Amino acid sequence: MEGWDPQNLILPEVGKLCRSQSEYLDQHFKTQKDVSSSSTASSRLLSEWTKHCSDYNNRLLHLRTTLMDRTLSWISSSFRAKASLSNLNLTLSASSQHGTALKRLLGEELRLLALQLHRIHFIRQYVETALRLEALVGDLEDVVFSSGNHRPGNMFAKFSTLLTSQDFGVKEERLLKAIKAMNDIEEIIVNVEKSQQWHHLLKSVDHRVDKTLAVLRPEALAEHRALLASFGWPPKFLASKVESGGLSKLLNPLLLMHGDEKKSYAQSFHVLCALQQLHSRREARKFKTLGQKECEIRLWAIDELVSPLAVRMEYHFVKWAEQPEFMFALVYRVTRDFMEGVSDILQPLIDAARLRSYSANEAWVSAMVHILSGFLTKNVFPALAERYKEKDLKLEVISSWLHLVDLIVAFDKQMQSLLRYETCLLFPDAQRRGISVLIVFCDRPDWLKIWAKMELKDGWKKLKAVLKDAKAWQIDDKHRVDFDVSTICETFLLSSREAHKAPFVAESALKIAQEMIDRCQTLPVILARAKFVRSTVARFFWYFSNVLLLHCRNAELSPEELDGSSLVRACESINAARYVESKLKEWSDDASFLEMKIAKNNSNMEEQHQGFYDDCFFEEEIKCLAELETNWLMEIVAVLLRQFENLTLEYNHTEDSNVFIEALQSLKNQLHVLKNNLNGKDFLDLWRSVADGLDHFICGSILGGDVKFSKKQSNEFGTDMQALFLVFQPFCARPEAFFPCIRDILKLLAMGGEEVKHLLVGKKSEKYMQTYGISHLRFDQVEKTLRKLKF
């Protein structure tokens, strides 16, 4: 601390002084004259501070002397202990014949002595480390607070912007010495942490280094700002040209630097980078060992370029509160026009400073985005959020808010397009976080919730407009699926809306949902994005499933009055549900949705369910749509079977083939309508379910009826069943395979008298019946059928 002169300290800004400091200065400098170096107040205060510094130097010298004396005392004790051990060794060698008792006594003494020696060694290590750290920290404080290399001057004068290269050289040397000293201290601290647990010592050293760093960093930044101002940074730009769209390319002062200016800037940039690298190293260690919060690391030198630009821009931003598009235009133009200088001048300096994983362009774009996001956070969104609470202003606020989001989304894409050739392999999430104005919503969940409500309301409004269109439920006729056995596998590879036979409203709903997803894609925090999608897209599809359900109910399916239009209406909803379900599954397989699913699970946003779609982001929505499809397919099947039953009531009693043929014709017509209007996969399930229902119904009617079968009646029944099979002939090669019970009954009716006797008196087992080709009827059913035969 010898030779300390406070005149060369760079004072902080007035607004950053604490209350006690301000009161102290006001007490000693009451007028402008008191600030002069020749004034009595300044001289008196300088003498007082000089005396304080001298006292502190004397106290520090006393502490060092005391520590040295105690260290020498411990070392002397260590030497004496070593001599005692040597003597003890000689004594033991000479007295080995004195017996076991003496050996035991000496063994206990040796153990205690070893413990004492270990303690002395530990204390010696501690003292040596403490002395080394004290020396290094003392040297650091001497370098930082010493003024031996500085020219005398007024400590309260403003930092001049007309600095010579010699000034910068001297200051740079001083700063680099301080940084080297702190790096040496950090090396010792890291080594100590690996082998020892001297928390109090390390905490004390960290505290002193942090105090020194708190002085050093503002000084380095102030000198860097002064240097920037000396060669005309920030450049001037006219806001009027932005409003008229005629803003020409801005001149970049970075590209105009030459000679000493360029050298001085490179030196200052190098100092800032070295200081930031040290700061990052210390913060990473504290985060790892002390559990302190990890700080977000930004490039200080780039921030110093952007900071004065922000002041100028915000002056214009305030005037453009009602025309935010001008704000985005100005920031984009400035960012784009200065990219060349940033890349050509700053990137080599960053590489020379060995700052790994840093890109000048990324840091520049990120800092410029931060200007706009900071202004919107402080001045725009708070006002909109307050006005949103008022009922009369809600519609106006929603319009302004969504317009602002549109501008943000477009702006984010523009800014990220400036970095399309950049690679950020190590920290892609960090890069993304810094290059999106939507970050304003990540730190304000209440604003995110308001935005989600607005988007959902806007999406629902768009969907209602689509539903009013007469073509909303129309299905294209161009992509009808004809059931051909040779191409049946290709039929069910559904992908497009036309292949699903989905109405236009399904495509519109997906398009509206996709727009919501696209608008939040640049939300930098995954969990915030997941919450937004759950609050908008997921809820939107719940509303849409209710629309589909209501559309089905309006079909009014009834076995008494079943017409083609009712079936078509039900098919429209089923196809739409199937198509949207397939798209939601496709979206859920996307990497971004998988990330959101993991984030949602980790944050316990909702309970985990064990099921088929457990890993899908839209798990509940997919289940809801699948249930809608299944329920209404079963409803159609039930209506078709009930209608067939009503039409064949007379047939069950009279066996009038005309009645049966009429029922088949009606069924054929209904299946034809369904084939033309229902998607291939669901129609496959539907006609197979209808066939299975008819098989059980006809079989049950025969077994439960009183009809006796003569040869003629058996043949007529067989003919009727062949007619039934022909109804399903267009859908498969062997329709009789889907009527196993009817097929068994036909075999029984075709048996002769001897075969019937053998079957009735034979073993009542399934295996025995299988020898006659009967595999789907129980023996009691077989017996009932055979007893209806008349020979």
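The values are calculated or read from the model by the stated rules, or taken from the named source; none is laboratory data. Since we're looking at a predicted model, the values are computed, not measured. Because the Cβ atoms are built from the backbone with ideal geometry, glycine has one as well, and the counts that use them run over all protein chains shown. Each accessible area value is taken on the protein alone, full model and side chains, heavy atoms only, with ligands, DNA and RNA left out. Shrake-Rupley method; radii C 1.70, N 1.55, O 1.52, S 1.80 Å.
Some observations on this one:
- Heavy-atom SASA rank of E455, E261, E172 (probe 1.4 Å, accessible area, largest first): E261, E172, E455
- Within the same chain, lysines fewer than 8 places from K767 are excluded, and of the rest, those with a Cα less than 19 Å from its Cα are K747, K757, K784.
- Segment 552-596, accessible area per residue, ligands and nucleic acids excluded (1.4 Å, Å²): 42 Å²
- Loop-located trypsin sites (Lys or Arg not before Pro) in segment 503-541 (DSSP state other than H, G, I, E, B) with a sparse environment of at most 12 neighbouring Cβ atoms within 10 Å are absent.
- For F544, solvent-accessible area (1.4 Å; no DNA, RNA or ligand), Å²: 0 Å²
- 3J(HN,Hα) along segment 109-117, derived from phi through the Karplus expression 6.51 cos²θ - 1.76 cosθ + 1.60 where θ = phi - 60°, amounts to 5, 5, 4, 5, 5, 5, 5, 5, 5 Hz, with x in place of Gly and Pro.
- Note on D443: accessible area approximately 110 square angstrom, rounded to 10, probe 1.4 Å, nucleic acids and ligands left out.
- Sparsely packed loop sites in segment 318-417 (the GluC sites (Glu not before Pro) outside DSSP H, G, I, E and B with at most 15 other Cβ atoms within 10 Å) comprise E322, E390.
- Ranked from largest to smallest solvent-accessible area, with a 1.4 Å probe on the protein heavy atoms, L748, L115 come out as L115, L748.
- With every protein chain in place, segment 39-84: carbon and sulfur % of accessible area (1.4 Å): 62 percent
- Three-way shape call for segment 643-756 based on the alpha-carbon gyration tensor, with the a/c threshold at 1.5: prolate
- Selection among A733, A750, S775 by position relative to the dipole of segment 730-780 gives S775 as farthest towards the positive end (Cβ unit charges, Cα centre).
- Sites listed here are chymotrypsin sites (Phe, Trp or Tyr not before Pro) in segment 298-362 whose DSSP assignment is loop and whose Cβ has at most 10 other Cβ atoms within 10 Å, and the list is empty.
- The accessible-area ordering, largest first, of the residues M368, M339 stands as M339, M368, per a 1.4 angstrom probe.
- Toward the positive end of the charge dipole of segment 324-382, with +1 on the Cβ of Lys and Arg and -1 on the Cβ of Asp and Glu, the farthest Cα among G374, S343, A329 is that of G374.
- Electrostatic tally near Y126: other residues with Cβ closer than 13 Å to its Cβ, Lys and Arg +1, Asp and Glu -1, net +2.
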